[in-house]
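Take a look at this one; I'll ask things after.
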Amino acid sequence: MAINAVYWSIDKLPGISQKDQDLLISNGICTTQDLLAKVKTTQDKYTLANQLQISLKYINKWSALADLARIPAVGWEHCGAILHSGIASVAQLKQTPFSKLHSHLKRLYVANTRNKDLSPSVEQVKQWIEQAKLLN
């Protein structure tokens, strides 16, 4: 059973400044789907970075966030935490043992919030990985 990807308005992705949101929107990139359609290859990413006159690292970060946010259970709410734990794509998430990811996330949340109770549950992390495997 496959599941459908979800897409978000570009302003939902974490860590994109208002200035960068405006830049993307003025160049026809209003949703995560628009962004992913523009950056299918490494060359596409270089082209977009040059077009927008910004560093390639931002294009790589934003496209990784947009890719992870396609997973319904992850969405824009959790894509940043997953990226900061070292997972940069749906393909990579599919291959990650849930216990390893959960452990990384727990450390990340404790380091940033000093509260392990705010980190996602094991069941939630399992759901992310299961949905990544089923994503169209």
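Identify all aspartates and glutamates with a Cα-Cα distance to LYS133 below 18 Å; exclude those on the same chain that are fewer than 8 residues away in sequence.
ASP67, GLU123
Another one. Relative contact order, percent, of the chain when contacts are C-alpha pairs under 8 Å separated by at least 6 residues? Present the calculation step by step, with values, prior to reporting the outcome.
On the way: 153 pairs, mean separation 36.5, N = 136.
Once normalised by length, the contact order is 27 percent.
I want the local charge near ILE25. Using Cβ-Cβ distances under 15 Å, sum +1 for each Lys or Arg and -1 for each Asp or Glu among the other residues. Walk me through the intermediate numbers first.
Working: positive: LYS12, LYS19, LYS38; negative: ASP11, ASP20, ASP22, ASP34.
That works out to -1.
For every other residue with a beta carbon closer than 9 angstrom to the beta carbon of ALA69, add +1 if it is Lys or Arg and -1 if Asp or Glu, then tell me the sum.
Details: positive: LYS12, ARG70; negative: ASP67, GLU77.
Net charge in that neighbourhood comes out at 0.
Can you give the FRET efficiency to the nearest 0.05 for HIS84 and GLN33, using r as the Cβ-Cβ distance and R₀ = 25 Å? Provide the component values of the computation, followed by the final result.
Working: r = 23 Å, r/R0 = 0.92.
Rounded to the nearest 0.05, the efficiency is 0.60.
Structure shown: which of LYS19/LYS61; LYS12/LYS45; LYS38/LYS61; LYS19/LYS40; LYS40/LYS126; LYS19/LYS57 lie over 18 Å apart, alpha-carbon to alpha-carbon? Don't skip to the end; give the middle numbers.
Values: LYS19/LYS61 16 Å; LYS12/LYS45 20 Å; LYS38/LYS61 14 Å; LYS19/LYS40 24 Å; LYS40/LYS126 27 Å; LYS19/LYS57 16 Å.
In this structure, LYS12/LYS45; LYS19/LYS40; LYS40/LYS126 lie more than 18 Å apart at Cα.
Give me ASP117, ASP11, ASP67 sorted ascending by neighbouring Cβ count inside 10 Å, so fewest comes first.
Numbers: ASP117 9, ASP11 14, ASP67 24.
Ordered by Cβ neighbours within 10 Å, fewest first: ASP117, ASP11, ASP67.
Here is a follow-up. Would you mind checking the tilt of helix 56-69 against the longest principal axis of the Cα atoms of the chain, expressed as 0 to 90 degrees and rounded to 10?
Once rounded, the angle reads 50 degrees.
Still on this structure, please answer the following. Would you please state which residues of region 94-115 a label at SER121 would reach in this model, taking the label point 7 Å out along Cα→Cβ and a backbone N cut-off of under 19 Å?
Label zone hits: 98-107, 109-110, 115.
Any idea how far apart GLN43 and GLN92 come out in nm if each label point goes 7 Å out from Cα toward Cβ?
2.4 nm
In degrees from 0 to 90, rounded to the nearest 10, what is the angle of the helix 75-84 Cα long axis to the longest principal axis of the chain?
80 degrees
Follow-up question, since we're still on this one. Rank by packing, highest mean first: peptides 22-30, 48-56, 102-110, with packing defined as the count of other Cβ atoms within 10 Å averaged across residues. Don't jump to the answer; show the numbers that get you there.
On the way: 22-30: 15.1, 48-56: 13.6, 102-110: 17.7.
In descending order of packing, they fall as 102-110, 22-30, 48-56.
For LYS133 and ASN4 in the same chain, what is the full-extension length gain: residue separation times 0.36 nm, less their Cα-Cα distance, in nm?
On the way: separation 129, 0.36 × 129 = 46.44 nm, distance 1.15 nm.
Roughly 45.3 nm would be gained on extension.
Here, each number is a calculation from the coordinates, and none is a lab measurement. Note that the structure is a prediction, hence the values are computed from the model and not measured. Positions of Cβ are backbone-derived with ideal geometry, glycine not excepted, and every protein chain shown enters the neighbour counts.
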